[in-house]
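Student: Here it is, the structure in full.
The values are calculated or read from the model by the stated rules, or taken from the named source; none is laboratory data. Nothing here was measured: the structure is a model prediction, and the numbers come from that model. Every residue, glycine among them, receives a Cβ derived from its backbone with ideal geometry; neighbour counts consider all protein chains shown. Heads up: the accessible areas ignore ligands, DNA and RNA and are worked out on the full protein's heavy atoms, side chains in. Shrake-Rupley method; radii C 1.70, N 1.55, O 1.52, S 1.80 Å.
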Amino acid sequence: MDLPRSFTIRESTHRILNPFTPEKLATLGAALRMPAGASILDLCSGKGELLCTWAAAHGVTGTGVDISTVFVSAARERAAELGVADRVTFVHGDASTYASPELVDVAACLGGTHIGGGAAGTVALLERQLRPGGVLLIGDCFWRSEPPSQEAIEGCHAATRDDFNTLPGLVERFGGLGFDVVEMVLADEDSWDRYAAAQWMNIRRWLDANPDDELAPELRAELEHDPLRHTRFRRHLLGWGVFALMRR
């Protein structure tokens with residue numbers, strides 16, 4: 001059980017595996033006003049930047065779960081680097097089936113809503129792990145503006161227009177599920193650039209070092225096409241943000 005190797009190549013230098021800058025992640029952590037010792041469960045935790053930096057800045061504790069052995073190893077290294085390895089734990093496993101041994105104060109899934117079959121299913125999955133009165137964090141995509149064509153939809157990693165909601169539609173959906181939206185921090189075009197463009201450099205460096213690898217043709221094709229898709233479609237059509245929810 002692991003991610004395909006292409007993911008770890010593409011995001012080899014990333015600490016945050018979403019179109020979110022360190023500044024936005026810090027803004028979100030401060031906005032939640034978590035007390036020291038608050039417990040967090042982070043599903044699809046990637047390289048652990050949320051848990052590690054929030055443990056260092058706010059004294060929280062927590063567990064991260066991710067399917068990638070490479071990312072889990074990087075998260076443990078980050079925890080040691082920031083001196084918080086006694087407060088955060090990282091588990092290699094399937095986030096969609098993970099059950100926390102104790103209910104937590106904050107349950108999060110940033111950019112991994114596939115584990116619940118979409119935003120609604122992931123909200124339900126997270127709520128099962130949450131203490132009464134706790135905060136649920138969900139990171140997801142939305143349309144910033146109407147995609148003009150099927151080509152634009154596919155250029156944003158979607159199959160149909162209905163794969164993503166609008167921002168008001170997403171907020172309305174959370175309300176329909178019985179939650180108040182109590183905070184949000186949204187990516188912007190620069191956030192998308194830092195996430196996507198860093199992938200192009202990672203791919204190019206890897207291709208230069210591994211020209212005969214079996215993945216080289218696939219990643220070469222991606223490098224040739226993705227910058228145009230990003231600049232034509234994704235950076236202005238597709239939004240992404242983290243929403244803090246509390247049960248009504």
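Student: If I compute solvent accessible area with a 1.4 Å probe over the protein chains, what percent of it on the stretch 94-205 is carbon and sulfur?
Tutor: About 50 percent, which is the carbon plus sulfur part of the accessible surface.
Student: Follow-up. Cα convex hull of the chain: mean projected area in nm², to one decimal?
Tutor: The directionally averaged projection comes out at 13.0 nm².
Student: Another question, if that's okay. May I ask for the net charge around Gly46, where only other residues with Cβ less than 14 Å from the Cβ of Gly46 are counted and Lys, Arg are +1 while Asp, Glu are -1?
Tutor: Combined, the nearby Lys, Arg, Asp and Glu give -1.
Student: So what is the calculated 222 nm ellipticity per residue for the chain, using -39500 (n - 2.57) for each DSSP H run with n of 4 or more, over all residues, to the nearest 500 deg cm²/dmol?
Tutor: -12000 deg cm²/dmol
Student: Moving on. For the chain, what is the charge dipole size about the Cα centre, in debye to the nearest 20, if Lys and Arg each add +1 at the Cβ and Asp and Glu each add -1 at the Cβ?
Tutor: Charge dipole of the chain: 560 debye, to the nearest 20.
Student: Show the residues, 5+ positions off or on another chain, whose built amide H is closer than 5 Å to the amide H of Ala95.
Tutor: Those lying under 5 Å, H to H, from Ala95 are Cys44, Ile67.
Student: List the residues whose amide H sits under 5 Å from the amide H of Glu183, counting only those 5 or more places along or on another chain, with H placed 1.01 Å from N in the peptide plane.
Tutor: So Glu183 has HN proximity to Ala244.
Student: Between Leu177 and Asp2, what is the spin-label point distance in nm, taking each point 7 Å from the Cα along the Cα→C-beta axis?
Tutor: 3.2
Student: Also: Would you look at the GNM of the chain, springs on alpha carbons closer than 10 Å, and say which of Ala119, Ala80, Ala108 moves the most?
Tutor: Ala80
Student: Then there's this: Give me the distance between the Cα centres of the stretch 195-216 and the stretch 148-173, rounded to whole Å.
Tutor: 28
Student: With unit charges on the beta carbon (Lys/Arg positive, Asp/Glu negative), name the residue among Ser96, Ser6, Met201 whose Cα is farthest towards the positive pole of the charge dipole of the chain.
Tutor: After comparing all options, I get Ser96.
Student: For the stretch 1-105, state the semi-axes of the equivalent ellipsoid (square roots of 5 times the eigenvalues of the alpha-carbon gyration tensor), sorted largest first and rounded to whole angstrom.
Tutor: 21, 16, 12
Student: Something else now. Can you grab the distance from the C-alpha centre of the stretch 102-145 to the C-alpha centre of the stretch 38-101, Å, no decimals?
Tutor: So the separation of the two Cα centres works out to 16 Å.
Student: Assigning unit charges at the beta carbon (Lys, Arg +1; Asp, Glu -1) and nothing else, what dipole magnitude in debye, to the nearest 20, does the stretch 144-203 show about its Cα centre?
Tutor: 100
Student: Can you give the accessible area per residue of the stretch 111-179, in Å², using a 1.4 Å probe?
Tutor: 47
Student: Given a 1.4 angstrom probe, I'd like the percentage of the accessible area of the stretch 5-86 that is carbon and sulfur, rounded to a whole number.
Tutor: About 55 percent, which is the carbon plus sulfur part of the accessible surface.
Student: Using a simple spin-label model with points 7 Å from Cα along the Cα→Cβ vector, what separation in nm is obtained for Leu215 and Asp193?
Tutor: Label-label distance for Leu215 and Asp193, simple model: 2.7 nm.
Student: Follow-up. With a probe of 1.4 Å, find how much accessible area the stretch 1-84 has per residue, and write the answer as a whole number in Å².
Tutor: 40
Student: Let me ask you something else. Between Asp162 and Ala26, what is the FRET efficiency for a Förster distance of 35 Å, r being their Cβ-Cβ separation, to the nearest 0.05?
Tutor: With a Förster radius of 35 Å, E is 0.55.
Student: Compute a Gaussian network model of the chain, connecting alpha carbons closer than 10 Å, and tell me which residue from Gly178, Gly93, Gly48 fluctuates the most.
Tutor: The residue that fluctuates most here is Gly178.
Student: Can you find, among Leu51, Gly133, Leu41, the residue farthest towards the positive end of the dipole of the chain? Put +1 on the C-beta of Lys and Arg, -1 on that of Asp and Glu.
Tutor: After comparing all options, I get Gly133.
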